[in-house]
Amino acid sequence: MASSPSQSQSSLQIDSVEMTTDTLTSRGGMTLFVRYLRNISLMNHLDRHFGRLRKSAKGAPIAEMFKQIICFCVDGTSRHLTYFDHLMEDEGYARGIETDPGEMVSSHSVKRFFKSFSWPLIWFFRQVLQQLFLWRLNHLKPDVIVLGIDSMVMDNDEAVKRHGVQPTYKKVKGFHPLQMTWGRFIVDAVFRGGKKHCNHGETVAKMVCHIVANIRSNYRADVPIVILLDSGFFDQKLFRVFEKLGIGYVCGGKLNKGVKAYVKSVEAACWGRLNKGDQTWDYLEFGDKGPTWSKYRRAVFCRPRYEGRQSLLKFARPETILYTNLGRGERIDGQLDLAGRERWLTAEGVIKLAHRRGREELVHRALKDFRSQELPFKRFSPNAAFYYVILLAFFLCEAFKEDVLSKVVPVEAYPTTLRRKVIDIAAKIVRTGGKTILKVTAVVWNRLDIQTLWGRSSHPPAFSWA
């Protein structure tokens, strides 16, 4: 006799709750990340270079401290350091990141750790980021390197008063770091107060000189390098530095009266047109010499004719001007030609490179999705150290996606997507036969192909200090 609907429904109801002694975790995917982190052999280098921060043998080893903080960033459950106190009581989480529950650090330990950083050690994080950049270069071996430079406002307007939190150009109070990007990776950064403008001092010039020297000495001396910048970096001094280094640049410019008057005087027959999907741009190429410039430079003036399929009236067309040394017969032209990028030397190629800069900016959005913009300390130096650890964790997370998860998560996916699909999976940790085993459901096993991910996280490209 078939059971009635009421009887069937009653059998599915949960009648009570009980506590289990099984070791469970809701962050089963963290094990894959920690395994990847261990096998790239980065932690030994961090322990060697930052080892002086450990004041007592009673404290957690520096490598273990970094591992737990990086996992805290990748997990992303909370932006508050007090969350470390909750993790101390979670045996499943500890086992999942391959740490003895008794070695989990408290929020007080983490705070003392960041407050102990001196400025020489804080600046050393930049070397770590650049070494990671060289690691990816030597692994992927690109024939052209396109770098983006931009600043990023970190909104701390609602935070308790912080040292260095100052009004920014976005009309909020916060920090304003300068960041260099390569694709989805942040490869160098300078942490700054909010009042520093994009091209403050000689920061950009020194950053570029240092990264170019690193690339040429530790990757390839002849690889073409192109820098993309917006109009906030429009400065002849920077252009001179780039030209002296023998690298290419495409930089947004400022429309002065002279340029506008010249553009209006040019006949329609002299204009070119670029079609890309549903978008169409009119462009004009000419040489321009600023009032204080020592020489003429190549300029490309452009304005969109269509926005999607909608034709724009003349008065509604946003106008931009780009300055570049590409196509001027400099050394970079020959390098791009040998690399098969001769199309970048044309005016259309320059415009497409400038549009690519918008894609480079998405890394800033991904970073803000990765961690909160608000930093936890009142003093500037511990906030700077915390910021650089965030960048370190973000870089490793992006490399993890590329090396391990590329078949289950798109490399362009934001950190939230990565967490929901891979990190936040239920798992059971058991000890049997002298082995510790992570168990997941059949659905998760098949959906993520855990066995393949396990193999990839076990054999990543090893990191070495150049």
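The values are calculated or read from the model by the stated rules, or taken from the named source; none is laboratory data. For clarity, every value in this text was computed on a predicted model and none was experimentally measured. Neighbour counts are summed over all protein chains in view; Cβ atoms, including those assigned to glycine, are modelled from backbone coordinates with ideal geometry.
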The residue that is surrounded by the fewest Cβ atoms within 10 Å (Cβ to Cβ), considering only those in the range 192-203 that are of a type outside the set (Asp, Glu) and out of contact with any strand residue (DSSP E or B) (no Cβ under 6 Å at 6 or more places or on another chain), is 201
Among 410, 415, 382, the single one that is in contact with a Cys (Cβ under 7 Å, 6 or more places away or on another chain) and not assigned by TED's automatic domain parsing to the domain that holds residue 160 is 415
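I'd like the full set of residues that are in a strand (DSSP E or B) and under 11 Å from residue 259 (Cβ atoms), limited to the range 281-293.
Looking only at the range 281-293, we keep the residues that are in a strand (DSSP E or B), and these are 281-288.
If the condition is that a residue be in a strand (DSSP E or B) and under 11 Å from residue 259 (Cβ atoms), then 284, 286, 288 are the ones that fit.
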So residue 283, is it at pLDDT below 95 and touching an Asp or Glu at 6+ places or on another chain (Cβ under 8 Å)
yes
Next on the checklist: Within the range 133-141, does at least one residue satisfy the condition of being of a type outside the set (Val, Ile, Thr) and either outside the structural domain of residue 194 (by TED's automatic domain parsing) or in a strand (DSSP E or B) (or both)?
Outcome noted: no
Open item on the list: Can you confirm whether residue 253 is under 21 Å from residue 356 (Cα atoms), outside the structural domain of residue 205 (by TED's automatic domain parsing) and small (Gly, Ala, Ser)?
Closed with: yes
Going through (1) in contact with a Gly (Cβ under 8 Å, 6 or more places away or on another chain); (2) over 27 Å from residue 371 (Cα atoms) one by one, residue 451 fails only at (1)
query = Just a yes or no: is a residue in the range 27-37 at pLDDT 85 or above and out of contact with any helix residue (DSSP H, G or I) (no Cβ under 7 Å at 6 or more places or on another chain)?
reply = no
Please determine whether any residue of the range 259-275 is outside the structural domain of residue 334 (by TED's automatic domain parsing) and in contact with a helix residue (DSSP H, G or I) (Cβ under 8 Å, 6 or more places away or on another chain). yes
Of those in the range 135-154 that are crowded, with 19+ Cβ neighbours inside 10 Å and more than 15 Å from the chain's Cα centre (by Cα), the residue nearest to residue 353 (Cα to Cα) is 145
Residue hits (the range 253-292; under 33 Å from the mean Cα position of the chain (by Cα) and among the small types (Gly, Ala, Ser)) are 253, 277
Per the list (1) assigned by TED's automatic domain parsing to the domain that holds residue 47; (2) of a type outside the set (A, V, I, L, M); (3) over 25 Å from residue 77 (Cβ atoms), residue check on residue 463 breaks on (1)
In the set 411, 389, 404, the lone residue that is at pLDDT below 95 and either farther than 16 Å from residue 185 by Cα or not hydroxyl-bearing (Ser, Thr, Tyr) (or both) is 411
Selection from the range 410-424 of residues under 17 Å from the mean Cα position of the chain (by Cα) and of a type outside the set (Lys, Arg) yields 410, 411, 412, 413, 414, 415, 416, 417, 418
Only one of 377, 394 is closer than 28 Å to residue 108 by Cα and out of contact with any Cys (no Cβ under 9 Å at 6 or more places or on another chain), namely 377
